[in-house]
């Protein structure tokens, strides 16, 4: 039973989300923290969006460590899982950052990021933040990482290895009138 459980977790880790190896060129990255970096961009590389349209981000986490594979859990409702925080300024400079509570439990899966690989997810900001004014918005994303690498090691204590936060690059988008 234990072997089946470990096999199942490894399958979930390998097949949930999109793992990239070379498709990260041209991305702008945040600072390196514990061998991981985060990049955000707008889906379709847009620089502007019509007022009232969804704000869709592409977020990538890449492993730039030389020798460590990370196993990270993420809820399927990515933007609402609480491991993501968004620092957002409106065109007037007002802080409109959404307050997202950390969830415990819920549906999700593990994914692995080996050295030289990246993991990509889509984040829809529209349900958690209102982009109601025309103008330029400033967005930075912070992701809380819980590394479960030791959880998958035989004879391990099944505990989280470490917890830390990674910060993305800063992104600007113009919201325009129809």
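Scanning region 73-82 for residues that are in a loop (DSSP other than H, G, I, E, B) and either buried (at least 17 other Cβ atoms within 10 Å of the Cβ) or at pLDDT 95 or above (or both) yields one hit, 81. Take residue 160 and decide whether it is at pLDDT below 95, in contact with a strand residue (DSSP E or B) (Cβ under 6 Å, 6 or more places away or on another chain) and either closer than 30 Å to residue 52 by Cα or part of a loop (DSSP other than H, G, I, E, B) (or both). Yes, satisfied. For region 130-150, the candidate set comprises residues that are buried (at least 18 other Cβ atoms within 10 Å of the Cβ) and not in a strand (DSSP E or B); within that set, the residue that is modelled with the highest pLDDT is 131. The residues on offer are 27, 85, and the sole one that is in a strand (DSSP E or B), touching a strand residue (DSSP E or B) at 6+ places or on another chain (Cβ under 8 Å), modelled with pLDDT of 80 or more and crowded, with 16+ Cβ neighbours inside 10 Å is 85.
Summed over region 88-118, residues that are in a loop (DSSP other than H, G, I, E, B), surrounded by 13 or more Cβ atoms within 10 Å (Cβ to Cβ) and modelled with pLDDT of 75 or more total 10. Entry remark, region 43-52: residues being at pLDDT below 90 and not in a helix (DSSP H, G or I) number 2 in total.
Residue-wise test of (1) part of a strand (DSSP E or B); (2) closer than 17 Å to residue 119 by Cβ; (3) modelled with pLDDT of 75 or more.
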{"position": "4", "(1), (2), (3)": "no, no, no"}
{"position": "14", "(1), (2), (3)": "no, yes, no"}
{"position": "23", "(1), (2), (3)": "no, yes, no"}
{"position": "39", "(1), (2), (3)": "yes, yes, yes"}
{"position": "54", "(1), (2), (3)": "no, no, yes"}
{"position": "60", "(1), (2), (3)": "yes, yes, yes"}
{"position": "71", "(1), (2), (3)": "yes, yes, yes"}
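The values are calculated or read from the model by the stated rules, or taken from the named source; none is laboratory data. Remember, it's a predicted structure, so these values are computed and weren't measured experimentally. Cβ atoms come from the backbone with ideal geometry, glycine included; neighbour counts cover every protein chain shown.
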